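Asker: Right, I'll just put the structure down here and ask away after.
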Amino acid sequence: MKDEFTHLKDDGVHMVEVGDKSAVRRTAIAEGEILLDKKTVDLIRESRIKKGNVLTTAQIAAIGAVKNTWNIIPLCHQVPVTGVDVRFLVDDDRIKVRVAVKCDGKTGVEMEALTGVSVALLTVWDMVKSVEKDQDGQYPHTRIRNIRVIRKEKDEI
């Protein structure tokens with residue numbers, strides 16, 4: 001039964017061997033969004049969040065997360081990332097983030113793109129939590145949702 005799983009064998013857990021695969025140019029694009037109170041979004045637009053520039057900080061956090069995905073996700077390969085692009089769409093009550101990751105490698109970069117999106121959104125939440133809290137210290141409007149891979153590509157080098 002365990003042989004049906006790629007990471008499990010009779011003798012335990014292992015990382016899938018990709019050494020015999022050819023390096024391929026790979027791209028993965030993921031996105032997600034955080035729902036916020038409209039007042040919070042206005043403060044972000046006006047650069048009035050006390051912790052600093054929310055989107056720049058989230059962009060840096062996303063890139064760092066992409067580069068460290070292999071340290072965060074068990075059994076994830078370290079891939080040679082060649083580029084990361086992080087973009088935001090700011091709407092009245094939400095911020096959407098899209099992360100595109102490229103590499104020339106033997107395995108895909110979907111997990112890197114998803115990790116970048118997740119950490120960018122968590123960073124936004126952390127930066128705005130003081131203004132998102134209600135009088136009871138709760139977050140009635142704040143939601144992270146719709147994190148997903150929207151596209152992946154493979155091209156011969």
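Asker: Considering only protein heavy atoms and a 1.4 Å probe, what is the carbon-and-sulfur percentage of the accessible area of segment 1-141?
Answerer: Working: 4160 of 8020 Å².
So the carbon and sulfur contribution to the accessible surface is 52 percent.
Asker: With a 10 Å cut-off between alpha carbons and a GNM built on the chain, which of VAL13, VAL66, VAL86 moves the most?
Answerer: Its mean-square fluctuation being the largest, the pick is VAL13.
Asker: Taking only protein heavy atoms into account and a 1.4 Å probe, give the accessible area per residue of the chain in Å².
Answerer: Working: 9480 Å² over 157 residues.
Value for the chain: 60 Å² per residue.
Asker: Based only on Cα atoms, what Rg/Rh ratio does the chain have, Rh being taken as Kirkwood's radius?
Answerer: Result: Rg/Rh = 1.08.
Asker: Apply the Karplus curve 6.51 cos²θ - 1.76 cosθ + 1.60, θ = phi - 60°, to the phi angles in segment 126-140 and return the couplings in whole Hz, x for Gly and Pro.
Answerer: In residue order, the calculated couplings are 4, 5, 10, 4, 5, 8, 7, 5, 8, 5, 9, x, 9, 10, x Hz.
Asker: Explain nothing, just the number: dipole magnitude of the chain about its Cα centre with +1 on each Lys and Arg Cβ and -1 on each Asp and Glu Cβ, in debye rounded to the nearest 20.
Answerer: Values: 26 positive and 25 negative charges, 99 e Å.
I would put it at about 480 debye.
Asker: Using θ = phi - 60° and the Karplus relation 6.51 cos²θ - 1.76 cosθ + 1.60, list the HN-Hα couplings for segment 46-52 in order, rounded to whole Hz, with x at every Gly or Pro.
Answerer: 8, 6, 10, 7, 4, 6, x
Asker: When the helices in the chain are scored as -39500 (n - 2.57) per DSSP H run of 4 or longer and the sum is shared across all residues, what 222 nm value do you end up with, to the nearest 500 deg cm²/dmol?
Answerer: Working: 4 runs with 49 residues, N = 157.
Theoretical 222 nm ellipticity from helices: -9500 deg cm²/dmol.
Asker: Looking at THR115, VAL99, GLY52, which one has the Cα that reaches farthest to the positive end of the dipole of the chain (charges on Cβ: Lys, Arg +1; Asp, Glu -1)?
Answerer: Selected residue: GLY52.
Asker: Determine how large the accessible area of MET111 is when every protein chain is in place; take a 1.4 Å probe and give Å² rounded to the nearest 10.
Answerer: For MET111, solvent-accessible area is about 80 Å².
Asker: Still on this structure: If you add up the charges near LYS106, with Lys and Arg at +1 and Asp and Glu at -1, over every other residue whose beta carbon is less than 12 angstrom from its beta carbon, what do you get? Numbers along the way, then the final one.
Answerer: Details: positive: LYS21, ARG25, ARG26, LYS154; negative: GLU17, ASP20, ASP104.
The answer is +1.
The values are calculated or read from the model by the stated rules, or taken from the named source; none is laboratory data. Because the structure is predicted, anything quoted here is derived from the model rather than measured. For neighbour counting, all protein chains shown are included, and Cβ atoms are generated from backbone atoms with ideal geometry for every residue, glycine included. Ligands, DNA and RNA are excluded from the accessible area calculation, which covers all protein heavy atoms including side chains. Shrake-Rupley method; radii C 1.70, N 1.55, O 1.52, S 1.80 Å.
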